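Chemist: The structure follows.
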């Protein structure tokens, strides 16, 4: 590396509403700086997980280091940290922000400012980052760059007139973005001579090198051979390798103050490192740690159980590994009468939950059953005690409940005016309370609602998208707890309560949801050798009933001239299907049944 | 005892439900096909010289469609090279429209002593829909020619718009024709057949409706002295099909011709379905197998359970012990517990309760690995 001067260093991230072109712009920047030869470009290079590419979203932050010769003739080092756009991953965003001095804020010229543009922008401002607004997708016919620039000024209060107008897709005006980074983003401060302070903003486990810590060096320097420790951990480690991202790991002799890179120190156990902790040296430790991050609390909870009970330990291992670079995931052992041993897990939101589920199944090859998501309720008992309940099976008997509270959110919804009616109707159905409505311009309205969180996790987002043909965007913030009438809805299969299907619901929703759920279960539970009654009950009172009729015929009539193999293979196939089922008492239930609770609203509406 | 199966892959026209190896447009290949068949029969003889066979079955396709000389030739070839018991059951499948006095005479002379007639339905409209070439009248004529012979009749359940009255008419016709054995098969719409389109369109009776028809057929047949001895097979006393029972007893058999399956010395193998590929192999002097697997260990036991439980009588623990050297009730105690409700079990043996025999797949699966 030719240039290592701190004033030529720029650490920045990109924030945007989902689909506004974050990953594409990141790719273009890397291409432009020659970081990656064009032929090696895979679309959306930073989205390294299959899942991220398939869904077109960024989940994990991935840093990359680039060098750029600016128009002033000097060479600059850029550290770009990609960030997720979805509301569930606000936490990840805040982590990467802490490692940066600046943030590129992308706004789609065809859509203008959306809910997450605003949320992420405020987050960046809170972290004292310099914001570089960029107007993207100017190549599209429907682009309205002038209006977008005005919106940036009106809604966010930034200067939109000098914002580069680019097409990340077609590589137009990318150089302007790079120049703006040089111009606006300040170089990092920090003292190479001071004791080491390195903020861990992410980590993952490598089979050969142990835990790889992604760090921002705030003060001091670090190189191989040094003995390090963290403030929260007890253990000490010898640094085996430090380096930067290109975007793979590129070893380097030293990382010094202001730099973004990685540290490997043969750290074998995932639990030894906490994201947000500060690394320092053993010989000359810094007196106190960096502030770290505001720890996020999970808001959505569900049970995850191995389909095959003997895989419990594998599941535990998988969760530990996932937690290593996803500090927001929480879990504790749990057991269900129906599903055996598993974990009660906490997530940042529904998407986060789905992602974790899919990663467990794909990356660790464990078939799992996930129970319906729940939020965490405050139950005030008649004896004065308050208990926090995020698991329906812990919901106390009604006679012990004085009153209950449920978490609520304030929702920010951006929409074209045509859909205001539809959105209000949806929010009404979801027990929302209207607070405010603002016309941003002739084409855009901002609606504010207070909504119970447990309504949001039941397909609110899907409902919003379908009722507004995808035009509305939505972001929310937790807004404390409010008093609510809650009941526990039980589902009975063949007369037995199936605890894994129980739900905590608002009293007024118990009947429609119970009925819809019974119907849904009837459709997903295959016919068996006996008749299966499905009942929904609240406090022992049955409120809905369906029946799965007994199977009448499954035999293969003819044996095909002695082709026994064919028959055996058919049976093997049937057996495979059976393996995907869970035995609950005498009833075999397919794993999707446990998630079916999620889908009932979209069916019944 | 062991069985011999011979496949005749020719027919006059393809039925809408048929996915067997049967080729109406390839009858011109009959000469070369049967020449190869004879060669294959001869070729396997040496390796099977220690076997005694008590059943031979000529299936298809429509064996009665081809010139009787070919059929006579098959029997002659088998008798020349294999050891058959004196009372060997020798069955030929017949389509009522293709039979004649000459053919029956020639078959009987060759030693054929059992005739399996595909009636399927007594209703001419239903037959036409299935693209069957025969009608009710043809069946009556055929049974006249076969009067006094050991006669088996195939009927189908679950046809489009079929009612229990239709099933009754068909069974009545079969009985009037002198049947001593009736196979009642449920229609299965296989992918790739014209029938599959009907299935997708929802034109066929549901599984439940078919099960109703089956229950009706079973009761009606029993009223008329036909006892079920296997899922789809009913016989008067003394007329069970030896050939089919051999499959369900997990007996050994050798199959000749295209698509024929064999089970010899714990090896299952199947010939190619294609006539040209078959003749090419046989002419080159190699086997025409496209599939082969050795059945090992517990798979053998599972096969036995799967096949034996198709039979009304189930199986005897002593037979299980004799074959596999293990005690069934001990080894499978936990599985037996799971299916207890659906089987009858005593100190001698196990059978599926009659009311559950039509849902036996679900029961059998409990015994898999």
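Chemist: Return the only residue of A:447, A:464, A:440 being within 24 Å of residue A:348 (Cβ to Cβ), part of a strand (DSSP E or B) and touching a helix residue (DSSP H, G or I) at 6+ places or on another chain (Cβ under 7 Å).
Modeler: Exactly one of A:447, A:464, A:440 is within 24 Å of residue A:348 (Cβ to Cβ), part of a strand (DSSP E or B) and touching a helix residue (DSSP H, G or I) at 6+ places or on another chain (Cβ under 7 Å), namely A:447.
Chemist: Would you say residue A:114 is in contact with a strand residue (DSSP E or B) (Cβ under 7 Å, 6 or more places away or on another chain) and farther than 29 Å from residue A:74 by Cβ?
Modeler: For residue A:114, the condition - in contact with a strand residue (DSSP E or B) (Cβ under 7 Å, 6 or more places away or on another chain) and farther than 29 Å from residue A:74 by Cβ - is met.
Chemist: Could you tell me whether residue B:256 is within 14 Å of another protein chain (Cβ to nearest Cβ), over 18 Å from residue B:3 (Cβ atoms) and in contact with a helix residue (DSSP H, G or I) (Cβ under 6 Å, 6 or more places away or on another chain)? Reasoning before the result, please.
Modeler: On the way: within 14 Å of another protein chain (Cβ to nearest Cβ): yes; over 18 Å from residue B:3 (Cβ atoms): no; in contact with a helix residue (DSSP H, G or I) (Cβ under 6 Å, 6 or more places away or on another chain): yes.
So residue B:256 fails the test.
Chemist: Do we have residue B:131 as at pLDDT below 95, assigned by TED's automatic domain parsing to the domain that holds residue B:214 and farther than 16 Å from residue B:221 by Cα here?
Modeler: So residue B:131 fits the description; yes.
Chemist: Residue A:531 - would you say it is in contact with a helix residue (DSSP H, G or I) (Cβ under 6 Å, 6 or more places away or on another chain), closer than 13 Å to residue A:494 by Cα and more than 7 Å from every other protein chain (Cβ to nearest Cβ)? So that I can check it myself, show each step before the final result.
Modeler: Values: in contact with a helix residue (DSSP H, G or I) (Cβ under 6 Å, 6 or more places away or on another chain): no; closer than 13 Å to residue A:494 by Cα: yes; more than 7 Å from every other protein chain (Cβ to nearest Cβ): yes.
When the stated conditions are applied, residue A:531 does not pass them.
Chemist: I'd like the full set of residues that are touching a helix residue (DSSP H, G or I) at 6+ places or on another chain (Cβ under 9 Å) and surrounded by fewer than 23 Cβ atoms within 10 Å (Cβ to Cβ), limited to the range A:514-526. Explain how you work it out, then say what you get.
Modeler: Taking the range A:514-526 and keeping what is touching a helix residue (DSSP H, G or I) at 6+ places or on another chain (Cβ under 9 Å), we get A:515-517, A:519-521, A:523-526.
Across the range A:514-526, the qualifying residues are A:515, A:516, A:519, A:520, A:523, A:524, A:525, A:526.
Chemist: Name the residue that is surrounded by the fewest Cβ atoms within 10 Å (Cβ to Cβ), counting only residues in the range B:224-237 that are out of contact with any helix residue (DSSP H, G or I) (no Cβ under 7 Å at 6 or more places or on another chain) and away from chain A (no Cβ under 11 Å).
Modeler: Among those that are out of contact with any helix residue (DSSP H, G or I) (no Cβ under 7 Å at 6 or more places or on another chain) and away from chain A (no Cβ under 11 Å), it is B:237.
Residues are listed down the side, and each one gets a yes or a no for (1) out of contact with any helix residue (DSSP H, G or I) (no Cβ under 8 Å at 6 or more places or on another chain); (2) in a loop (DSSP other than H, G, I, E, B):
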| position | (1), (2) |
| --- | --- |
| A:103 | no, no |
| A:131 | no, no |
| A:142 | yes, yes |
| A:160 | no, yes |
| A:179 | yes, no |
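Chemist: While we're looking at this one, here's another question. May I ask you to verify whether residue A:552 is within 14 Å of chain B (Cβ to nearest Cβ) and in a helix (DSSP H, G or I)?
Modeler: no
Chemist: Need a quick list: helices (runs of 4 or more DSSP H) entirely within the range B:306-369 having at least 1 residues that are touching a helix residue (DSSP H, G or I) at 6+ places or on another chain (Cβ under 8 Å) and closer than 27 Å to residue B:218 by Cα. Explain how you work it out, then say what you get.
Modeler: Numbers: elements: B:317-324, B:328-331, B:333-339, B:360-364.
In the range B:306-369, B:333-339, B:360-364 are the helices (runs of 4 or more DSSP H) which contain 1 or more residues that are touching a helix residue (DSSP H, G or I) at 6+ places or on another chain (Cβ under 8 Å) and closer than 27 Å to residue B:218 by Cα.
Chemist: Please give the number of the condition residue B:276 fails out of (1) modelled with pLDDT of 95 or more; (2) in contact with a strand residue (DSSP E or B) (Cβ under 8 Å, 6 or more places away or on another chain).
Modeler: With respect to (1) modelled with pLDDT of 95 or more; (2) in contact with a strand residue (DSSP E or B) (Cβ under 8 Å, 6 or more places away or on another chain), residue B:276 is out only on (2).
Chemist: Moving to a separate point now. Modelled with pLDDT of 90 or more and either touching a strand residue (DSSP E or B) at 6+ places or on another chain (Cβ under 7 Å) or surrounded by 17 or more Cβ atoms within 10 Å (Cβ to Cβ) (or both): is that true of residue A:182 in this structure?
Modeler: yes
Chemist: Further, regarding this structure: Only one of these is within 23 Å of the chain's Cα centre (by Cα), away from chain A (no Cβ under 14 Å) and loosely packed, with under 14 Cβ neighbours inside 10 Å: B:313, B:322, B:344, B:293. Name it.
Modeler: On inspection, the qualifying residue turns out to be B:313.
Chemist: Report, by residue number, each residue of the range A:198-236 that is closer than 13 Å to residue A:249 by Cβ, assigned to a loop (DSSP other than H, G, I, E, B) and touching a residue at least 40 places away in the same chain (Cβ under 8 Å).
Modeler: Hit for the range A:198-236 is A:209, nothing else.
Chemist: Out of all the residues in the range A:574-591, which are out of contact with any helix residue (DSSP H, G or I) (no Cβ under 9 Å at 6 or more places or on another chain) and closer than 20 Å to residue A:550 by Cβ?
Modeler: A:577, A:583, A:585, A:586, A:587
Chemist: Let me ask something else about it. Suppose we keep only residues that are at negative phi and assigned to a loop (DSSP other than H, G, I, E, B) within the range B:259-280. Which one would you say is farthest from the other protein chains (Cβ to nearest Cβ)? Spell out how you get there, then give the answer.
Modeler: First, pick out the residues of the range B:259-280 that are at negative phi: B:260-264, B:267-280.
Next, from what is left, pick out any that are assigned to a loop (DSSP other than H, G, I, E, B): B:260, B:272-274.
Values: B:260: 7, B:272: 13, B:273: 11, B:274: 16 Å.
Here the answer is B:274.
Chemist: Select the helices (runs of 4 or more DSSP H) contained entirely in the range B:114-223, then report the ones holding at least 3 residues which are crowded, with 23+ Cβ neighbours inside 10 Å and away from chain A (no Cβ under 14 Å).
Modeler: B:136-145, B:164-176
Chemist: Pick out, from the range A:322-428, the strands (runs of 3 or more DSSP E) lying fully within it that include 3 or more residues that are modelled with pLDDT of 90 or more.
Modeler: Strands (runs of 3 or more DSSP E) meeting the threshold: A:330-336, A:340-347, A:377-381, A:386-389, A:401-415.
Chemist: Taking the condition of being within 11 Å of chain A (Cβ to nearest Cβ) and more than 16 Å from residue A:527 (Cβ to Cβ), how many residues in the range B:354-369 meet it?
Modeler: Counting residues in the range B:354-369 that are within 11 Å of chain A (Cβ to nearest Cβ) and more than 16 Å from residue A:527 (Cβ to Cβ) gives 6.
The values are calculated or read from the model by the stated rules, or taken from the named source; none is laboratory data. Here the structure is a predicted model, which means the values were calculated and not measured. No Cβ is skipped: glycine too gets one built from the backbone with ideal geometry, and neighbour counts run over all protein chains shown.
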